[in-house]
Amino acid sequence: MKRLLTSMALGTALALASAAGALAQPATWPSKPVTLLVPFPPGGSTDTIARALGASLGKSLNQTFVVDNKAGATGTIGAGGVKRAAPDGSTFLVTSLGPLVIAPHLIKSMPYDALKDFDPITVAVQAPNVLVVPVASPHKTLADVVAQQKAQPDKMTFASSGNGSSDHLTAELFWQETGTRGLHIPYKGGGPAISDLLGGQVDASFQNVNAVLQHIRAGKLRALAVTGTQRAAVLPDVPTMAEAGVKNVDVYSWQAVLGPKGLPPEVRNRMHEAVVAALNEPQTRQQFTAVGLEIVANTPAQFAEFQQREYARWKKVIETGKITAD
């Protein structure tokens, strides 16, 4: 009888332990709708990428993924919101490089630490910038641009989507590496900058390939060089900056996915696997590569190392050029 009671007690204890273990396990993620927060207005490259990923993730993970645009302060308002979100897998940030490696060097009161307050998931895509001039421009090559800037410093105008933007800093890096100067003309967004470039109101601009590809193909803009380490697949006849005679201006604009710091490992791993799978879906890959985007889909560790390098690089460019956000 004593042995029977002991066996029953042991069985009860094991059952209770099993039940407690089951309760301790997190519910299968995602058990509720997930927000992909984009810190920019609708319609831009980052927003387009987030919506394509959201549609794919919704199907593969059998859950609703909602894109939420919260623009302002060069993307830092939205990124700050993700930093403060619960690290339970219900909120992720889909952003370009600006809030992660540029804004921290331009804005004094940052609402987050870009290197410490997020869990990196992956760099989704990247694209080189391309130096473009209006088709009526007398400049036919990169050497022509360098020669004019040396002959007439601060005369040739370069449009950008705003102070501290990727296209602005690419121009600054170009001037630093060539020992020349142009005149920076900041706009409120890439659309107005490209519009004035098409109209000949400004002389040149370093734009994301995907933003101006249609105008290059239509013969409205002339592409002089791309900032990638190799030629862009969508512009095979356009030389790289290095091929055209200017080294150390290898620049990519990129978009990435991150979560608030402290995501459960199983959530972070599953999100990474799902995003990489989405990026490699034939339809999604074709949608992105057709406009000049290159699939990256790296690991969280590779993303973290890459962000550190980009952070240090743009810090140097900003400090050397004495660039401010004003």
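The values are calculated or read from the model by the stated rules, or taken from the named source; none is laboratory data. For clarity, every value in this text was computed on a predicted model and none was experimentally measured. Glycine gets a Cβ as well: all are built from the backbone with ideal geometry, and neighbour counts include every protein chain shown. Remember, those area values only see protein heavy atoms, side chains included, never the ligands or the DNA or RNA. Shrake-Rupley method; radii C 1.70, N 1.55, O 1.52, S 1.80 Å.
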For the list (1) in contact (Cβ under 8 Å) with a residue 24 or more places away in the chain; (2) over 20 Å from Gly43 (Cα atoms); (3) open to solvent by 10 Å² or more (accessible area, probe 1.4 Å), I need the number of the one condition that Ser166 fails.
(2)
Kindly indicate whether any position in segment 129-143 is without any contact (Cβ under 8 Å) to a residue 40 or more places away in the chain and either assigned to a helix (DSSP H, G or I) or crowded, with 18+ Cβ neighbours inside 10 Å (or both).
no
Can you tell me which residue is nearest to Val145 (Cα to Cα) among those in segment 242-266 that are open to solvent by less than 10 Å² (accessible area, probe 1.4 Å) and in contact with a Leu (Cβ under 6 Å, 6 or more places away or on another chain)?
Val249
How do the pairs read when you match residues in segment 303-326 that are within 18 Å of Gly182 (Cβ to Cβ) with residues anywhere that are among the acidic types (Asp, Glu) and surrounded by 14 or more Cβ atoms within 10 Å (Cβ to Cβ), using Cβ under 9 Å and keeping only pairs 6 or more apart or on different chains?
Val317/Glu172; Ile318/Glu172; Thr320/Glu172; Gly321/Glu172; Ile323/Glu172
Of (1) in contact (Cβ under 8 Å) with a residue 40 or more places away in the chain; (2) under 27 Å from Leu198 (Cα atoms), Ala147 fails just (1)
Selection within segment 53-84 - over 20 Å from the mean Cα position of the chain (by Cα) and of a type in the set (A, V, I, L, M):
Leu61
Would you confirm whether any residue within segment 120-138 is among the hydroxyl-bearing types (Ser, Thr, Tyr), modelled with pLDDT under 95 and closer than 30 Å to Pro264 by Cα?
no
Given segment 34-122, what strands (runs of 3 or more DSSP E) lie entirely inside it while holding 1 or more residues that are open to solvent by 30 Å² or more (accessible area, probe 1.4 Å)?
34-38, 65-69
Scope segment 164-181; condition under 23 Å from the mean Cα position of the chain (by Cα) and over 14 Å from Leu97 (Cα atoms); matching residues:
Ala171, Glu172, Leu173, Phe174
Filtering segment 267-284 down to residues that are without any contact (Cβ under 8 Å) to a residue 40 or more places away in the chain and in a helix (DSSP H, G or I), which residue is most open to solvent (accessible area, probe 1.4 Å)?
Gln283
Residues in segment 301-323: is at least one in contact with a strand residue (DSSP E or B) (Cβ under 6 Å, 6 or more places away or on another chain), open to solvent by less than 60 Å² (accessible area, probe 1.4 Å) and part of a helix (DSSP H, G or I)?
yes
Whether any residue in segment 227-241 is at pLDDT 95 or above, open to solvent by less than 50 Å² (accessible area, probe 1.4 Å) and within 20 Å of Gly162 (Cα to Cα) is what I want to check.
yes
